[in-house]
Amino acid sequence: MTLATKPEFLKDQPNLRKVGKEVRQRLADNPNVWKVPTDKAEIFAVADFMTAEECARMITMIDEVARPSTVFDLSYKDGFRTSYSGDVDPYHPFVKMIDRRLDDLMGIEPSFGETIQGQRYMPGQEFKPHHDWFHPNTSYWEIETSRGGQRAWTAMVYLNNVEEGGSTDFTDLGMSIEPKQGVLLLWNNADEGGLPNPATIHAGRPVVRGVKYVITKWYRAKKWR
Ligand SMILES: O=C(O)CCC(=O)C(=O)O
Ligand SMILES: [Fe+2]
């Protein structure tokens, strides 16, 4: 049995299929959305999603909340995700504006969206190859899938240009995306049939020179809050 057909994945399959279809149609109608040419995963980009001023403002907010990042099953010292991260205040009017802009572009029910997370990578820091979807038989599976279900879409905005390094690499697809200020990157973590898509495996490569800031918002298969 391949990873993507685990029985635990069947529960959210209809929800993932539905959210996938809704967002796919919404994005197809938007001339500002560019589809990355691959048929193994649904990945999209939008230039100038945030202005330089908005990016700078968000960076300041990230610096205020950033702590060593964790991944659900791992702690910072495992070296899997060595960036610093934190949730920016979801009630701040500026954050709410960006949140709404994302929800509107995606056409997803706002209650499906997690809180926006900010992330900062200093030289040498990285996020090793991973899937954003939840894996069964982990310490977090029960709790996370009982509130909101599986992760459906990922939305990530690059807040600055990085001098060297820090690309987002889709390692199975042989694709490397350089950070560019204001660019929104979106991908469906599931396939069209509603199963987690192994081909979405990706990494935040180590920053070599400069600093890298991003915000990430994950959307679930159903209501998260
Ligand atoms: O920083 C990146 O380029 C990737 C970040 C990422 O994969 C995540 O936050 O889930
Ligand atoms: Fe990720």
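Every number in this text was worked out from the coordinates using simple rules, so none of it is lab data. Note that this is a predicted model, so its numbers are computed, not measured. A quick note on method: Cβ atoms are made from the backbone with ideal geometry, for glycine too, and the neighbour counts reach across all protein chains shown.
Does region 112-183 come out rounded, prolate or oblate, given a ≥ b ≥ c as the square roots of the eigenvalues of its C-alpha gyration tensor, rounded meaning a/c under 1.5 and, failing that, prolate meaning a/b above b/c?
Prolate.
What are the ³J(HN,Hα) values, in whole Hz, obtained from phi via the Karplus relation 6.51 cos²θ - 1.76 cosθ + 1.60 with θ = phi - 60°, for each residue of region 82-91 in sequence order, with x given for Gly and Pro?
9, 6, 9, 8, x, 7, 6, 4, x, 9
Around residue 121, under 10 Å between beta carbons, what's the net of Lys plus Arg minus Asp minus Glu among the other residues?
Local net charge: +3.
Mean-square fluctuation check for the chain, GNM, Cα pairs under 10 Å: which of 146, 69, 111 is largest?
Of 146, 69, 111, the Gaussian network model singles out 146 as fluctuating most.
With +1 on each Lys and Arg Cβ and -1 on each Asp and Glu Cβ, how big is the dipole of region 35-148 about its Cα centre, in debye rounded to the nearest 20?
Charge dipole, region 35-148, about its Cα centre: 260 debye, nearest 20.
Provide the per-residue ³J(HN,Hα) series for region 138-143, in order, calculated from phi with Karplus coefficients 6.51, -1.76, 1.60 and θ = phi - 60°, each as a whole number of Hz, with x at glycine and proline positions.
Going residue by residue, I get 10, 5, 9, 3, 4, 5 Hz, with x marking Gly and Pro.
Which three extents, in whole angstrom, do the alpha-carbon atoms of the chain cover along their principal axes, largest first?
43, 41, 36
Residue by residue through region 168-180, what is 3J(HN,Hα) from phi via Karplus (6.51 cos²θ - 1.76 cosθ + 1.60, θ = phi - 60°)? Round to whole Hz and write x for glycine and proline.
Using θ = phi - 60°, the values come out as 9, 10, 8, 5, 6, 8, x, 10, 10, 10, 7, x, 9 Hz.
Tell me the net charge near residue 196. Cut-off is 11 Å between Cβ atoms, residue 196 excluded, with +1 for each Lys or Arg and -1 for each Asp or Glu.
Charge balance near residue 196 sits at -2.
Can you list the GluC sites (Glu not before Pro) in region 108-148 that are in a DSSP coil and have 15 or fewer other beta carbons within 10 angstrom?
Here no GluC sites (Glu not before Pro) fit, given the DSSP loop and packing criteria.
Please report the spacing between the Cα centers of region 184-225 and region 2-77 in Å, no decimals.
Cα centroid of region 184-225 versus Cα centroid of region 2-77: 4 Å apart.
When the helices in the chain are scored as -39500 (n - 2.57) per DSSP H run of 4 or longer and the sum is shared across all residues, what 222 nm value do you end up with, to the nearest 500 deg cm²/dmol?
-7000 deg cm²/dmol
Among residues other than residue 187 whose Cβ falls under 10 Å from its Cβ, what is the net charge (Lys/Arg +1, Asp/Glu -1)?
Neighbourhood net charge equals -2.
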